[in-house]
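Report on the following structure.
The values are calculated or read from the model by the stated rules, or taken from the named source; none is laboratory data. Note that the coordinates shown come from a computational prediction; the quantities given were computed from them, not determined experimentally. Cβ coordinates were reconstructed from backbone atoms using ideal geometry, including for glycine residues, and neighbour counts include every protein chain displayed.
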Amino acid sequence: MPVLADSTIQALVEDEMLGIDPFDPENLTPNGYDLSVAEVLLPDREPDTLREEGLARIPPRERFVVSTAETVTLGSSLCAQLWLRTTFARRGVMAAFGKVEAGFSGTLTISCFNAAREAVEIPIGERFCQIAFEALTGDAEALYEERSGNYQDQQGVTLANDG
């Protein structure tokens, strides 16, 4: 599938055919958009540790979950992929990403792991991952919320929801 260029992303947002809220033109990349950190959760801590401001300090060899500040809304002819920014990969962060399906709307939750031998700091508000949009060959017959929709309209860190 062709990956959309920055000018196409901007035009789709302006025409309200793609939603990124809030949208900051500074976060556009040549072939995507950088999403920012809203929350960081360390789910294996007792009690769970949720950080919504300041700096999240992730201990070595610890799992954590990030929620994006932006709500992303895809139409019937778009899907997307997420990619960790190399700034964090070079610090030892590993992340698991899936495809963002046509018709999805909500913030995105990213499962991560600090593989480094030292703590990693994740500033709330920092650009964390890139979303790259792809054009489908046509409109999807049934959108995300009609197929499974387990995470439709999610806001904030959302852990497993088997629907």
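General observations
- Checked against (1) among the charged types (D, E, K, R); (2) modelled with pLDDT under 85; (3) surrounded by 17 or more Cβ atoms within 10 Å (Cβ to Cβ), R127 passes all but condition (2).
- The condition (being surrounded by 12 or more Cβ atoms within 10 Å (Cβ to Cβ), closer than 13 Å to C112 by Cβ and at pLDDT below 95) is satisfied by just one residue among P43, P59: P43.
Condition check ((1) touching a residue at least 60 places away in the same chain (Cβ under 8 Å); (2) surrounded by 14 or more Cβ atoms within 10 Å (Cβ to Cβ)) across all residues:
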| residue | (1), (2) |
| --- | --- |
| D6 | no, yes |
| D24 | no, no |
| L28 | no, yes |
| S67 | yes, yes |
| S76 | yes, yes |
| L84 | no, yes |
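- From the list E118, E101, the one residue that fits, being of a type in the set (D, E) and within 19 Å of I58 (Cα to Cα), is E118.
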